[in-house]
Amino acid sequence: MSNRIAIVGASARAAAQSAVRSGFEVVAYDLFGDQDLRAIAQVKQAERYPHDAKEWLAQQDVDGWMYTGAWENYPELVDELAAIRPLWGNPASVIRTVRDPLVLQEFCRANEILFPDTLPAIGPAPRVGQWLHKSGRGASGSGVKRVMPMQDFKAGYFQKFVAGVPHSALYLAAQGEARLVGVTQQILGESGSEREFQYRGTIAPAPQLTKELWQQMQVFGERIAAYFNLVGLFGVDFVLTREGPCVNEINPRYTAAMEIAERLGGPAGVADHLRACHEGALPGKPVFSQSESQWLKLICYAPHALVVDEPLYEWLQTSRTGCSIADLPAAGSTIQRGDPVCTLLARISPDENFLTQPATFQEFPKWLLMNFTVDI
């Protein structure tokens with residue numbers, strides 16, 4: 001297996017760091033080109049994301065490539081890049097099937113897995129119940145919004161809203177088998193806000209994780225991997241309801257929560273992913289165990305257009321807040337409203353529920369932006 005790989009994605013930083021920790025040399029195609037990615041890899045910051053990735057990959061001396069977030073929206077481009085260099089991950093044929101909500105709905109119902117009622121969004125939204133519209137082209141919760149009864153759409157799909165706590169299960173798959181490597185709780189936007197379903201972070205392991213839930217998700221993953229022929233790392237988003245876990249989406253690639261699972265002693269990240277894809281090798285089945293600590297990942301989004309000034313850049317590099325700061329923008333960067341500024345990573349105590357302590361990490365992004373940024 002090659003020691004030089006290409007990683008493409010909207011944000012390749014976490015996967016690149018994982019690969020470098022395991023001894024790989026990385027070249028990366030990335031939307032943001034953050035400083036901590038540039039410190040460990042040769043980076044191409046996208047100019048026409050994602051369409052200039054093809055020309056870039058053709059110029060790289062690598063034996064293979066993998067993709068991260070948002071590339072599931074471009075199966076035709078995955079095919080084109082796979083014709084240039086070997087793909088270590090799920091091909092376009094798998095992406096198209098596993099990302100089709102109607103196919104996933106049929107599979108879940110046949111396997112007695114809870115799944116929200118889902119309909120093509122061609123015409124008015126259903127009259128009865130609370131429904132969401134999903135564009136099917138977004139990532140990290142973008143392209144998802146609540147709809148009014150009879151509101152008209154011409155594309156995407158309607159999915160019935162399911163009340164509960166959002167979670168993600170993380171897997172490693174090969175040759176029709178899967179290993180559950182972690183269950184995390186997702187942090188989304190504020191209820192009722194315009195970005196209500198935006199992914200804002202992860203807590204791992206999930207505070208509500210039990211042995212029963214672990215076993216349920218292990219069975220789910222095994223069935224999903226076998227049916228869809230998944231390979232490598234993948235994630236299953238689900239809502240934990242009173243009736244049990246309700247699956248709503250499969251992400252057939254290295255997900256945003258993977259780096260937190262690695263910190264908990266989970267998979268060796270990209271190294272295990274490449275072994276699964278290249279050799280068909282899987283580690284032994286992990287067993288459920290309680291953790292004495294949790295890890296938090298929190299993405300700080302810009303509440304308005306801003307410029308990262310020199311004091312902010314210096315503070316980000318030398319912060320002593322008890323957390324690591326990742327996805328570091330360069331000094332002078334212009335960040336538009338709603339775009340990510342940086343990511344916080346920290347170990348937290350399970351008896352200190354992050355979600356009930358707005359005075360700590362939840363308020364930190366607001367404090368950060370109020371004190372160290374310049375409005376445009």
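Overview of values
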item: Whole-Å semi-axes of the chain's equivalent ellipsoid (Cα gyration tensor); result: 29, 26, 23
item: The chain - mean residue ellipticity at 222 nm from DSSP helices (-39,500 (n - 2.57) per run, n ≥ 4, rounded to 500); result: -7000 deg cm²/dmol
item: Of Leu345, Ala14, Gly164, farthest towards positive along the dipole that unit charges on Lys, Arg, Asp, Glu beta carbons give the chain; result: Gly164
item: Dipole moment magnitude, nearest 20 debye, the stretch 4-88 about Cα centre, only Lys, Arg, Asp, Glu C-beta charged; result: 260 debye
item: q = 0.13, 0.26 Å⁻¹, the stretch 4-88: log10 I(q)/I(0) [Debye, one scatterer per Cα]; result: -0.33, -1.43
item: Under 25 Å from the Cα of Lys160 - lysines, other chains or at least 8 residues apart; result: Lys134, Lys145
item: Residue order, fewest to most surrounding Cβ atoms within 10 angstrom, among Thr343, Thr68; result: Thr343, Thr68
item: Relative contact order of the chain, defined on C-alpha pairs under 8 angstrom at six or more residues apart (%); result: 14 percent
item: Lys, Arg +1 and Asp, Glu -1 on Cβ, resulting dipole of the chain about Cα centre, debye, nearest 20; result: 560 debye
item: Lysines whose Cα lies under 25 Å from that of Lys285, excluding same-chain neighbours fewer than 8 positions away; result: Lys211
item: Farthest toward positive dipole pole in the chain [+1 Lys/Arg, -1 Asp/Glu at C-beta], among His133, Gly143, Ala46; result: His133
item: Reachable lysines from Lys44, criterion Cα separation under 17 angstrom, eight or more residues apart if same chain; result: Lys54
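Read-outs throughout are calculated quantities, based only on the coordinates presented, and are distinct from any laboratory measurement. A quick note: this is a predicted structure, and the numbers were derived from the prediction, not measured. As a convention, Cβ positions derive from the backbone with ideal geometry for all residues, glycine included, and neighbour counts pool all protein chains shown.
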